[in-house]
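S.K.: Provided herewith is a single structure, encoded as structure tokens, for subsequent inquiry.
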Amino acid sequence: MRKIVLGLGVVIAIIALTIVLFFRQEAYQLYKVVTFFDAGAISENFRGVKNIFPTTTVPKPEQSQPFPMSSQPYSLIENFQVHDSAVVTKAFLDQTLTDALIIIQHDTILYEYYGNGFSASDHHIAWSMSKSVISALFGIAIAEGKIKSIEQTVTDYLPDFAGTGYDKVRIKDVLQMSSGVGFNEDYGDFNSDINIMGRYFALGMPMADFSKKLRREREPGTYNHYVSIDTQVLGMILTKATGKSITDYMKEKLWSQIGAESEAYWIKDKSGMEFALGGLNATARDYAKMGQLFLDTGKWQGRQVVPREWVLASITPDAPHVMPGKRDNAVLADGYGFQWWIPEGSKGEFDAQGIYDQFIYVDPHKDMVIVKLSSNYHYKKDRKRVFHDLEIALFRKIVEQAKP
């Protein structure tokens, strides 16, 4: 028995030594993924993604175009109402571990706040707000003729996806999170598809390989089911059609065009492919630029960057299963465009969202953009989307209180 125990100890030691010598980075990344959202580390992890994962950089443009700062004093609302209950704004910002809050109206910053050690120059992971940036790049590629039509299918551009859940699925259905592919997006479930994908990615495996493992669950274009991998497939189509990486295409067609204040970077896998579904990192002010760009229907300082028609289509649901409101043909009550959300009860507003309470909220009627970045580690226990509803209520109250 002693020899068996000793032998097992030797085997374990050899395995551990092999991991240290040959898979040190992968083991570190896997550990960081599993502990990424722990209360004591989440803010620093959201700021320091570049120190954990391989990344590729979108450089700062030679000429930046910062937002002007308002010279008028601004008082943030003290409270707001949700379901007849009053919520104290400061307490809510603290509870959700708000890393940044920017309020912009008429192209001018009215209010700017940073918490948890963040500053205006710090990068913050976007998570699924990245999807809305991919949408912008996709619209540009269509305008340039790189992608012929959203009525084409995934396999028109990615023939190696034949036989997978994406075989012959319209690009439009993928854009609207209606691909019909089965996927469990529950971040609170350790064994959900999204969490398995996270651990898979932590080992540096190509996301294309993971995407091909997914299978059809229902008829495409009939049911709005949020599947993060849909955006990864869009990213692969984008790189195939343009012949450029997402990073290079974003540098040329977007980042330089809007005069970003800082560089951005994308997490990438071992194949060099960007984590399109949620791997963008930028500053709060540059996220605000994306909101301003879509508020102004794709124009930046009078120059059309993203086609106007694409912006309008991106924020306008056009079928029953993507309309805002509780419905039988969708999982969530929010509506959906082309990788942009339309909140339930929307009167024209729309937003980009990311897990752990990341938002770019846009209200065209008051000409406002609100960016809120957070490290809300309570998020994974919020199965009823209470935090989401509170965030939207906060933004709506801020807009309501704003002058025309």
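S.K.: Residue under question is residue 335, and the condition is that it be in contact with a helix residue (DSSP H, G or I) (Cβ under 9 Å, 6 or more places away or on another chain) and either more than 15 Å from residue 289 (Cα to Cα) or in the same structural domain as residue 105 (by TED's automatic domain parsing) (or both); does it hold?
M.R.: On the way: in contact with a helix residue (DSSP H, G or I) (Cβ under 9 Å, 6 or more places away or on another chain): yes; either more than 15 Å from residue 289 (Cα to Cα) or in the same structural domain as residue 105 (by TED's automatic domain parsing) (or both): yes.
The answer is yes for residue 335.
S.K.: Against the condition crowded, with 18+ Cβ neighbours inside 10 Å and either out of contact with any helix residue (DSSP H, G or I) (no Cβ under 6 Å at 6 or more places or on another chain) or in the same structural domain as residue 348 (by TED's automatic domain parsing) (or both), how does residue 399 come out, does it pass?
M.R.: On the way: crowded, with 18+ Cβ neighbours inside 10 Å: yes; either out of contact with any helix residue (DSSP H, G or I) (no Cβ under 6 Å at 6 or more places or on another chain) or in the same structural domain as residue 348 (by TED's automatic domain parsing) (or both): yes.
So residue 399 passes the test.
S.K.: Could you say which residue among 310, 341 is free of Cβ contacts under 8 Å to residues at least 24 places away in the same chain, within 22 Å of residue 150 (Cβ to Cβ) and hydrophobic (A, V, I, L, M, F, W, C)?
M.R.: Details: 310 fails: free of Cβ contacts under 8 Å to residues at least 24 places away in the same chain.
Answer to the selection: 341.
S.K.: Still on this structure, I have one more. Can you pull out every residue in the stretch 335-358 that is buried (at least 21 other Cβ atoms within 10 Å of the Cβ), assigned to a loop (DSSP other than H, G, I, E, B) and under 11 Å from the mean Cα position of the chain (by Cα)?
M.R.: Step one: filter the stretch 335-358 for residues buried (at least 21 other Cβ atoms within 10 Å of the Cβ), giving 335-343, 349-354, 356-358.
Filter once more, so that each one left must be assigned to a loop (DSSP other than H, G, I, E, B): 337-340, 343, 349, 356-357.
Listed by number, the residues that qualify are 339, 340, 356, 357.
S.K.: Test residue 269 against the stated conditions and say whether it is of a type outside the set (Ser, Thr, Tyr) and buried (at least 24 other Cβ atoms within 10 Å of the Cβ). Show your work before the answer.
M.R.: On the way: of a type outside the set (Ser, Thr, Tyr): yes; buried (at least 24 other Cβ atoms within 10 Å of the Cβ): no.
Judged against the criteria, residue 269 is not a match.
S.K.: Counting only residues that are touching a helix residue (DSSP H, G or I) at 6+ places or on another chain (Cβ under 9 Å) and either surrounded by 14 or more Cβ atoms within 10 Å (Cβ to Cβ) or farther than 20 Å from residue 171 by Cβ (or both), how many does the stretch 306-327 have? Working first, answer last.
M.R.: First, the residues of the stretch 306-327 that are touching a helix residue (DSSP H, G or I) at 6+ places or on another chain (Cβ under 9 Å): 306-307, 309-311, 313-315, 327.
From the residues that got through so far, the ones that are either surrounded by 14 or more Cβ atoms within 10 Å (Cβ to Cβ) or farther than 20 Å from residue 171 by Cβ (or both) too are 306-307, 310-311, 313-315, 327.
Selection size over the stretch 306-327: 8.
S.K.: Then there's this: Select from the stretch 89-104 the residues that are in contact with an Asp or Glu (Cβ under 7 Å, 6 or more places away or on another chain) and over 15 Å from residue 285 (Cβ atoms) and list them in ascending order. Walk me through it before giving the result.
M.R.: Step one: filter the stretch 89-104 for residues in contact with an Asp or Glu (Cβ under 7 Å, 6 or more places away or on another chain), giving 89, 96, 102.
Within the stretch 89-104, 89, 96 qualify.
S.K.: Sticking with this structure for a sec: Limited to the stretch 362-386, what total is found for residues that are under 10 Å from residue 295 (Cα atoms) and either at pLDDT below 95 or part of a strand (DSSP E or B) (or both)?
M.R.: Within the stretch 362-386, residues that are under 10 Å from residue 295 (Cα atoms) and either at pLDDT below 95 or part of a strand (DSSP E or B) (or both) number 4.
S.K.: Filter the stretch 152-168 down to residues that are part of a loop (DSSP other than H, G, I, E, B) and of a type in the set (A, V, I, L, M, F, W, C) and give me whichever is farthest from the chain's Cα centre (by Cα).
M.R.: Looking only at the stretch 152-168, we keep the residues that are part of a loop (DSSP other than H, G, I, E, B), and these are 152, 158, 162-168.
Okay, now just the ones that are also of a type in the set (A, V, I, L, M, F, W, C), so 158, 162.
Values: 158: 23, 162: 27 Å.
The selected residue is 162.
S.K.: Within the stretch 73-104, track down each residue that is within 22 Å of residue 261 (Cβ to Cβ) and within 23 Å of the chain's Cα centre (by Cα). Before the answer, list the steps.
M.R.: The first filter runs over the stretch 73-104 and keeps only residues within 22 Å of residue 261 (Cβ to Cβ), leaving 74, 98-104.
Selection gives 98, 99, 100, 101, 102, 103, 104.
S.K.: A further question follows. For the stretch 197-224, give me each residue that is without any contact (Cβ under 8 Å) to a residue 60 or more places away in the chain, under 24 Å from residue 38 (Cβ atoms) and over 18 Å from the mean Cα position of the chain (by Cα).
M.R.: Just the residues of the stretch 197-224 that are without any contact (Cβ under 8 Å) to a residue 60 or more places away in the chain, to begin with: 197, 200, 209-220.
Cutting the leftovers down to under 24 Å from residue 38 (Cβ atoms) gives us 197, 200.
Of everything in the stretch 197-224, just one residue is without any contact (Cβ under 8 Å) to a residue 60 or more places away in the chain, under 24 Å from residue 38 (Cβ atoms) and over 18 Å from the mean Cα position of the chain (by Cα), namely 200.
S.K.: Among 316, 242, which is the only one that is free of Cβ contacts under 8 Å to residues at least 60 places away in the same chain and polar (S, T, N, Q)? Working first, answer last.
M.R.: Numbers: 242 fails: free of Cβ contacts under 8 Å to residues at least 60 places away in the same chain.
Just one listed residue meets the conditions, 316.
S.K.: A follow-up question, please. Taking the condition within 22 Å of residue 293 (Cβ to Cβ) and surrounded by 20 or more Cβ atoms within 10 Å (Cβ to Cβ), does residue 150 pass? Quick ask: steps written out before the conclusion?
M.R.: Details: within 22 Å of residue 293 (Cβ to Cβ): yes; surrounded by 20 or more Cβ atoms within 10 Å (Cβ to Cβ): no.
Criteria not met by residue 150.
S.K.: Suppose we filter 190, 201, 210 for residues that are outside any loop (DSSP other than H, G, I, E, B) and surrounded by fewer than 21 Cβ atoms within 10 Å (Cβ to Cβ); which single one remains? Before you say what the answer is, go through the steps one by one.
M.R.: Numbers: 190 fails: outside any loop (DSSP other than H, G, I, E, B); 201 fails: surrounded by fewer than 21 Cβ atoms within 10 Å (Cβ to Cβ).
From the options 190, 201, 210, the qualifying one is 210.
S.K.: So how many residues does the stretch 98-134 have that are touching a Leu at 6+ places or on another chain (Cβ under 9 Å), surrounded by 24 or more Cβ atoms within 10 Å (Cβ to Cβ), under 26 Å from residue 176 (Cα atoms) and among the small types (Gly, Ala, Ser)?
M.R.: Final tally of qualifying residues: 2.
The values are calculated or read from the model by the stated rules, or taken from the named source; none is laboratory data. Since the model is a prediction, treat every value here as computed from it, not as a measurement. Ideal geometry is used to build each Cβ from the backbone, glycine not excepted, and the neighbour counts take in all protein chains shown.
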